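Okay, structure first, notes after.
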Amino acid sequence: MSTTDAVWSAQGTTPDAIEAALRQLLVEVHAEDDSLVPARVLNMIAFVDREWSGEIANRLSGVGRYHASRMVVLSYEPGRERLDARVMISADSDRAPGEIALLRETVVVELGRQHLDDLLTIADPLVVTDLPTLLWSPHGHQEVVAELLALAQAVLVDSVDEPAASDALDRAWSLKEQAYVVDLAWLRSTPWRERVASSFDPPRRREDLRAITSVTVRHHPASTVTAMLFAGWLASRLGWRTGPLSSHGDALSGSAAAGDGEVRLCLQSAPELQVRGLEGVTIETASGRSMSLDRGSGGLRAISREAGGEEHRWTIPGASRGETGVLGEGIRQALLRDPTYVPAVGAARAMLA
Amino acid sequence: MATPVAQPGLQAESENPLTAGLERMPVAPTSLVIFGATGDLARRKLLPALYNLAHEGALPERFHLVGVSRKEKEHGDYRAECEQAIRRFSRRTPDEAVLKSLLDNVKYVPGTFDDEGVYSHLCSVLDGFEADAGEPLNRAFYLSTAPGFFPVIVERLGTSGLNAHEGAQVRLIIEKPFGTTLQEARELNRAVLSIFDEAQIFRIDHYLGKETVQNMMAFRFANGMFEPLWNRNYIDSVQITASEDLGIGSRADYYDSSGALRDLIQNHMLQLLCHVAMEPPVSFTAEEVRNEKVKVLQAIPQPQAADIPGMAVRAQYGPGQAGGENAPGYLQEEGVPEGSITETYAALRLEVDNWRWAGVPFYLRTGKRLARKVTEIAVTLKPVPHLAFSQEGSLGVQPNQLVLTLQPNEGVSLSLGAKIPGTRMIIRPVNMEFLYGTAFLSQSPEAYERLITDAMRGDATLFTRNDEVEAQWRVCDPIVSAWEQTPGPLPSYPAGSQGPREAQDLLRGEDRWRAI
């Protein structure tokens, strides 16, 4: 929970004036209460269409503690000629006595088409020097992303937003050359990757990793990329060579070469799933054993079938993070480095027909 | 840009290639048994920790909890108690579906800890889980009882064959206090090690599970600028403080039999000292880290009876003012025996006799009902060899002091001399401050969440080893004995104050206690 402690706004302003106002507000807030201290973790620049800025603000307000310490929202309205700005400094309202409260800064700059040529000089003074910067452009505007990448070390994308999986994967592949890519489509697969890694972790199960014969991934109809990234992750970690998948109704299927053998891959759309991401995963091995994980109430429903047909069912507790949680995780991941994403994208691209 | 990643594949059979890049490492399927399942620790810490792990999907793929306690009750009654405890003490509001999933895997075994029937009952419950799973599951026994029950539980686990399990790991988690004297600690170690291997044993010191304590390792060993100064040539003294503003509350029974020295110095504060004084370990494996900590403890000379009055001070809080209100003295607290000589304040001056630290005093102090709640380590550097500035008209040039604050606001501050603006060269100390909370987005997990996970994973880095516990007692035991043999009344300090005047006598030369 946070409260807004200080606000400044101006019309027809300049980046220097905005930055000066920010500094002054911070001094005033801290002078009033020295237990209020500015967080210094991460800059985040969001380039958003003004007509959708409310929706983006709602999404960001839900990320709670994962709010970037300085959020710079560049709100774009093509016909706008004047640069307007609002600065808000807020602090957590619920804190124990004697504890500090972190100040988080939000700068909203309203700008138009005529400002795009100078966008870098508008955004640059507004980010805190020496902090990593995450760039997010949820409404496309790839030309803007290309320019603002000069300021950013990480870029936030959601590959399921692209209409075509091939475009999404190609874009992630090209962005990786310029910045660390945080892909919400990838993060939606994190709990699944953790659980599958865990299932094969006991020494007696590890040998089964060599004997996987089939992987079926069930996914939200709009989350084919997440399913491809999950399969690509398995392939890249286990040394499989993926090939193009072909469409069969609402599924994509094909195979990957694994040593002398072959692994069947099937990405199955699950229209009943209401949220983006994966619905379930089934992995079969040459011994006849299979392991399925599916979303359920209070966690994942696990079904293990042994070669002899013996079946075990149980629930692995866990709460769904929801889309807000995924976005918060995306912001947090800008400060980390996952070395397995790019190889997974590489293997997923090879699945494109 | 992509960070290089190790070549994947299955060449190394011992490695799981799927764990690369994951923040959360797998935990093997485990049945956790809590002895003392209805006690305060279980309700306030263990059950909420388990819920939070469940919420985050961080419990093992298969997880069962069995509560063992004396009181007769049904599984359902115990589940209801667990639910109540989680709702009351969890750091997050429970998700109903997750809570139900967790509670569905909870069972209860009633009985006294010396009753062999309890262990055969327990055995059948654990076997039942494994029959359902179709495979052996790891077993972790958590001793959350009064320490007097530790030996009998361990002995019964051994005689019932629960100390080993074919095809799976068995682990024993033991709460503090691990003995109340060196002799008791040795006997307990002997008893436990006659049934379990050291590699199976996880002695809890929950301080080690705190992010703040782990940060000390990062502070020392991930920053090159401090290491050249981190020795007797540049450091004048080290002061470790763990003060509480509150009294003993409703814990008179426990506290009066323990006292400040046993409650905090023997375990937590000596661990902090170890983190300050240890050499860099070769690697951050459990054995390497603990080897270095034990070396520090062994380098502390065992206090001799004649020296104790000059290197250790104890006191009790008397009536005073705390938080703007009248506060009773220790002897007036409910449940405290008349004439008790249990110390509520203890301060020590220790030395670490090795190449790095010889001659540097380590001051430790802890107490109840002091001016403020704070845990900090203050490292005072030696003064500059020559002063070119006049001290007149200013607070003067003070030795630099590096303060690592563990709570309430975790951070690091460094005091520096700076010129006061004006025409004269007048110096006063200023602080350069860093607060961890300002630099990270994540919330620190509770210590027990980390420790339970580590124990189930078999990672003993944050747990104390048998020789470490005994080395801690080796330092404190002579002081405990000397104090027990010295009649009261104890020196007194007013509630809400900085502590007893007698603590000044421990300080060497120009040293001063920092204001609490």
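The values are calculated or read from the model by the stated rules, or taken from the named source; none is laboratory data. Note that this is a predicted model, so its numbers are computed, not measured. Cβ placement follows ideal geometry from the backbone for every residue including glycine, while neighbour counts extend to all protein chains displayed.
Answer with yes or no whether residue A:300 is more than 13 Å from chain B (Cβ to nearest Cβ) and modelled with pLDDT of 95 or more. No; evaluated as a whole, the condition is false for this residue.
Looking only at residues of the range B:294-324 that are assigned to a strand (DSSP E or B) and of a type in the set (S, T, N, Q), we find that the one that is modelled with the highest pLDDT is B:316. Can you name every residue in the range B:430-447 that is in contact with a Pro (Cβ under 9 Å, 6 or more places away or on another chain) and more than 10 Å from every other protein chain (Cβ to nearest Cβ)? Scanning the range B:430-447 gives a single hit, B:446. Evaluating residue A:313 against the criteria (1) within 10 Å of chain B (Cβ to nearest Cβ); (2) under 25 Å from residue A:184 (Cβ atoms); (3) of a type outside the set (Gly, Ala, Ser); (4) free of Cβ contacts under 8 Å to residues at least 24 places away in the same chain leaves one unmet condition, (2).
Selection over the range B:337-367 of residues that are part of a loop (DSSP other than H, G, I, E, B) and touching a Phe, Trp or Tyr at 6+ places or on another chain (Cβ under 6 Å) gives a count of 1.
The residue that is surrounded by the fewest Cβ atoms within 10 Å (Cβ to Cβ), counting only those in the range A:314-325 that are modelled with pLDDT under 95 and outside any loop (DSSP other than H, G, I, E, B), is A:322. For the range A:132-157, a residue qualifies if it is surrounded by fewer than 17 Cβ atoms within 10 Å (Cβ to Cβ) and either on the phi > 0 side of the Ramachandran plot or touching a Lys or Arg at 6+ places or on another chain (Cβ under 6 Å) (or both), and exactly one does: A:140. Filtering B:39, B:67, B:57 for residues that are small (Gly, Ala, Ser) and either more than 25 Å from residue A:314 (Cβ to Cβ) or not assigned by TED's automatic domain parsing to the domain that holds residue B:122 (or both) leaves a single hit, B:39.
Listed here are the strands (runs of 3 or more DSSP E) enclosed by the range B:368-452 that have at least 1 residues being exposed (fewer than 15 other Cβ atoms within 10 Å of the Cβ), in the same structural domain as residue B:34 (by TED's automatic domain parsing) and free of Cβ contacts under 8 Å to residues at least 40 places away in the same chain, and there are none.
Only strands (runs of 3 or more DSSP E) whose full extent lies in the range A:1-88 are considered here, and the ones with at least 3 residues that are within 14 Å of chain B (Cβ to nearest Cβ) and either farther than 13 Å from residue A:138 by Cβ or among the basic types (Lys, Arg) (or both) are A:36-38. So, in the range B:89-122, of the ones that are within 26 Å of residue A:201 (Cβ to Cβ) and more than 11 Å from every other protein chain (Cβ to nearest Cβ), which residue ends up surrounded by the most Cβ atoms within 10 Å (Cβ to Cβ)? Looking at residues that are within 26 Å of residue A:201 (Cβ to Cβ) and more than 11 Å from every other protein chain (Cβ to nearest Cβ), I get B:106.
On inspection, residue B:462 passes the criterion of being modelled with pLDDT under 95 and in contact with a helix residue (DSSP H, G or I) (Cβ under 8 Å, 6 or more places away or on another chain).
Mind listing whichever residues of the range A:194-225 are away from chain B (no Cβ under 14 Å), of a type in the set (A, V, I, L, M) and surrounded by fewer than 21 Cβ atoms within 10 Å (Cβ to Cβ)? Hit for the range A:194-225 is A:222, nothing else. A count restricted to the range B:59-78 and to residues that are more than 14 Å from chain A (Cβ to nearest Cβ) and either touching a His at 6+ places or on another chain (Cβ under 6 Å) or not hydrophobic (A, V, I, L, M, F, W, C) (or both) stands at 11. For the range B:14-26, residues that are crowded, with 22+ Cβ neighbours inside 10 Å and either out of contact with any Asp or Glu (no Cβ under 9 Å at 6 or more places or on another chain) or in the same structural domain as residue B:459 (by TED's automatic domain parsing) (or both) total 1.
For the range A:324-331, the count of residues that are polar (S, T, N, Q) and over 15 Å from residue B:21 (Cβ atoms) is nonzero. Criterion applied to B:159, B:241 was being outside the structural domain of residue B:365 (by TED's automatic domain parsing) and either loosely packed, with under 15 Cβ neighbours inside 10 Å or of a type in the set (S, T, N, Q) (or both), and the one residue passing it is B:159. The set of residues in the range A:288-323 that are of a type in the set (Ser, Thr, Tyr) and out of contact with any His (no Cβ under 9 Å at 6 or more places or on another chain) comprises A:290, A:292, A:297, A:315, A:320.
Checking the structure you have, find out if any residue of the range A:282-292 is away from chain B (no Cβ under 14 Å), buried (at least 18 other Cβ atoms within 10 Å of the Cβ) and of a type in the set (D, E, K, R). Yes; the residues of the range A:282-292 include at least one that is away from chain B (no Cβ under 14 Å), buried (at least 18 other Cβ atoms within 10 Å of the Cβ) and of a type in the set (D, E, K, R). Among the residues of the range A:260-276, the ones that are in a loop (DSSP other than H, G, I, E, B) and among the hydrophobic types (A, V, I, L, M, F, W, C) come to 3 in all.
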